[in-house]
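Worksheet for the structure shown next.
The values are calculated or read from the model by the stated rules, or taken from the named source; none is laboratory data. This structure is a prediction, so every number in the text was calculated from the model and none was measured. Cβ: placed from backbone, ideal geometry, glycine included. Neighbour counts: every protein chain shown. Keep in mind that these areas ignore ligands, DNA and RNA; they rest on the heavy atoms of the full protein, side chains included. Shrake-Rupley method; radii C 1.70, N 1.55, O 1.52, S 1.80 Å.
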Amino acid sequence: MAISSTAVPADRAPDAAQRDWHPITLVFLAGLWIAAAANWPLWRALAALPEMHGLRFAVFGASMFVAVAALTALVLLPLSSRRVLRPAITLFLLAAAFGAYFMSSYGVVIDPTMMVNVLQTDVRETRDLLSLRMALTVVAVGVLPALWLWRQPLRAPTGRWPSRVLVRMIAAAALLAAIVGLGYANFQTLSSTTRNHKELRYLINPLNSVYALGRIAFAAQARPAGPPQPIGLDARLLAAPPGAKPPLVLLVVGETARADHFALNGYERPTNPELSRIEGLVSFRQVRSCGTSTAASLPCMFSPLGRQAFLDRQQDSENLVDLLQRAGLAVLWLDNQSGCKGLCERVPHASTAQPAPGQFSAPGALCHGGECLDEALLYDLDARIAALDAQRRARGVVVVLHQMGSHGPAYASRSPAERKPFAPECTSNVLQDCASDALVNAYDNSIVYTDHVLSQAVAWLAARNDAWSTAMLYVSDHGESLGENGLYLHGVPYAIAPQAQTHVPMLLWLGSGAKRALGVDGSCLERLRDAPLSHDNLFHTTLGLAGVRASEYRSELDAIANCRTAG
């Protein structure tokens, strides 16, 4: 008589079924692990709050820990089917590991603006961020737990699907009850803490990333698809005074430069040795940025709307370079950065690191490994301009130079060896490992190099005064934190951003022909040094310098309109 038995796979012991994991159990474990191992920046920030001490911190911290674990599990719960569970938890683990590293290392928070920066990061920027510490953090927090997860057998579904759904609904109700109950029990502390320290909500990892991605996706869907709304349909060039030459304007977009590290603005170190010797150069010392990152600031500063209207916009529109081109000028965008964020798509544009085959390749001393120093922006600039439409060139030229500037964390890579007056210099991209003085030295050396590049740009313009009415307008996209209060780099939400990330330098130089054509009073410009300005002024000031008018132009936002007697 045959004896029946249940088949057991050869690679599993007879009692293996007893060690199978229920998917909901793994969801709960993932929530606990992520709350404990990947949220140390949140617990560190919470412990540092002046109102958190002793028993209050212990009770509130424990409640927050359970709430974060429960909330993470609640988000993962709908993904707890056998086919989806492992990939979903793995994705959460890796996102949490990377988020924990960057929040801990640089003091940043992850909000929609920071997530846009992440999504737009190119290979060069990624290379600057790589480090052994990052690898160890990602392996310890994300990779090892994920490997353990993939080795665990999952319990086969039992019962019919309604009963399985009911089990998950009960689990979700229990998690939600825990979150609500803890929130109610700690309501007074929770409400005051989140109201006074809004940045804490952006430290809940990786739910901050999930929320940021959701906001970005919603915003993208909310705006109509298709090309941006045209602007400057009535754009025109002002009649030039008799004998005036066509305008040649260099609009230099700086990167990560702080106004308080420019000697022209009172900084005690000689970071502007060349610009300080240029007669007639004006430094506007009270300028605020539109955002705290390139992705936020660049589209905003080239928009006619102004910061608040830009944030509230329902539809994307064309920008400054589109209007200048529509007015009949020759426009060129030359990039030494990670791109123009879509601003230059409809005008001639080029990259220093990726020149057209056989054209305008900067020498090896300026470019190496797919990255160029900012002097490459000026290399063969005459030839680049000569390649633009001849009829447009006859009316005037505006060239946008988008710098690499002081882009971190590899500040030491932003200046050549011969232009490093400050030593010792931090050469690591793990900024918290550097002495504060060495970090500031590396950053200030990048400012000194920007000073040299801008001085070369002015010299290039001055040599062409006989043929053009020349002008240079420089403004940085945002500032940078250098370890103050534990913050590094940039990208902090604007509402809570330190002044170091929003106070930016802005410089103006006018050649003799431009001064005559615009009727500019030099002494008047000097009196504007401390006028309160912002990125809102860039659009309108550039139109004024280029002699362009359109219905979008607002003279009250043209920084030098009151100093002009022409146009």
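Once the 1.4 Å probe is applied to the protein heavy atoms, the chain comes out at 45 Å² accessible per residue. When all alpha carbon pairs of region 489-567 are counted in 5 Å bins from zero, the resulting P(r) reads 3, 13, 23, 21, 15, 10, 7, 5, 1 %. Partners of K515 within straight-line reach, counting lysines whose Cα lies under 21 Å from its Cα and excluding those fewer than 8 residues away in the same chain: K245. Dividing the convex hull volume of the alpha-carbon atoms in region 67-178 by its residue count gives 136 Å³ per residue. Here region 270-335 yields Rg over Rh of 1.07, to two decimals, using C-alpha coordinates and the Kirkwood radius. Spread over its residues, the convex hull of the C-alpha atoms of region 336-447 is 124 Å³ per residue. Shown in residue order for region 390-404 are the 3J(HN,Hα) couplings computed by the Karplus curve 6.51 cos²θ - 1.76 cosθ + 1.60 at θ = phi - 60°: 5, 5, 5, 4, 5, 8, x, 9, 10, 10, 9, 10, 9, 7, 7 Hz (x for Gly and Pro). Per residue, the average separation of C-alpha pairs within less than 8 Å and at least 6 apart gives region 24-151 a relative contact order of 33 percent.
Pairwise Cα distances in region 142-295 exceed 21 Å for 79 percent of all pairs. Put simply, the convex hull of the Cα atoms in region 206-311 casts, on average, a shadow of 11.9 nm². When the alpha carbon gyration tensor of region 404-489 is reduced to an equivalent ellipsoid, the three semi-axes, largest first, read 31, 14, 8 Å.
Here K198 is the anchor, and the aspartates and glutamates within straight C-alpha reach of less than 12 Å, apart from those fewer than 8 places off in the same chain, are D111. Amide H contacts of S469 (H built 1.01 Å from N, in plane; Pro and chain starts excluded): K245, L248 sit under 5 Å, all sequence-distant by 5 or more or on other chains.
Based on the convex hull around the alpha carbon atoms, region 152-212 presents an average projected area of 6.6 nm².
So what is the diffusion coefficient of region 295-385 in µm² per second by Stokes-Einstein at 10 °C and 1.306 mPa s, using a Kirkwood Rh over Cα pairs? Each step should come with its number before you reach the end.
Working: Rh = 14.7 Å.
It comes out at roughly 108 µm²/s.
Translational diffusion of region 177-226 was estimated from the Stokes-Einstein equation, with Rh taken as the Kirkwood radius over Cα pairs; at 37 °C and 0.692 mPa s the coefficient is 250 µm²/s.
Rounded to the nearest whole Hz, the Karplus-based 3J(HN,Hα) values (6.51 cos²θ - 1.76 cosθ + 1.60, θ = phi - 60°) of region 110-123 follow the sequence 10, 10, x, 5, 5, 5, 4, 4, 4, 5, 9, 5, 9, 4, with x at glycine and proline.
For the chain, the fraction of 1.4 Å probe accessible surface lying on carbon and sulfur atoms is 60 percent.
Put simply, the convex hull of the Cα atoms in region 387-454 casts, on average, a shadow of 5.9 nm². Contact order, relative form, for region 79-179: 38 percent (alpha carbon pairs under 8 Å, 6 or more residues apart, mean separation divided by residue count).
Overall, the ratio between the Cα radius of gyration of region 23-126 and 2.2 N^0.38 Å, rounded to two decimals, is 1.22.
The stretch between A140 and Q315, if pulled fully straight at 0.36 nm per residue, gains 58.7 nm over its current Cα-Cα span. The stretch between L130 and R516, if pulled fully straight at 0.36 nm per residue, gains 133.8 nm over its current Cα-Cα span. Can you give the Kirkwood hydrodynamic radius of region 88-144 from its Cα pairs, in Å with one decimal? Taking the inverse mean of 1/r over all distinct Cα pairs, region 88-144 comes out at 12.0 Å. Using only Cα coordinates, the Kirkwood hydrodynamic radius of region 411-567 works out to 18.0 Å.
For the chain, the alpha carbon convex hull comes to 206 Å³ per residue, rounded to a whole number. Given R₀ = 35 Å, FRET efficiency for V180-R151 by Cβ-Cβ distance, to 0.05? Between V180 and R151 the formula returns 0.50.
Computed from backbone phi with θ = phi - 60° and the Karplus coefficients 6.51, -1.76 and 1.60, the 3J(HN,Hα) list for region 366-375 is 9, 10, 7, x, x, 9, 10, 6, 5, 4 Hz; x is used for glycine and proline. Helix content alone sets the calculated 222 nm mean residue ellipticity of the chain: runs of n ≥ 4 DSSP H residues at -39500 (n - 2.57) each, divided across all residues, give -13000 deg cm²/dmol.
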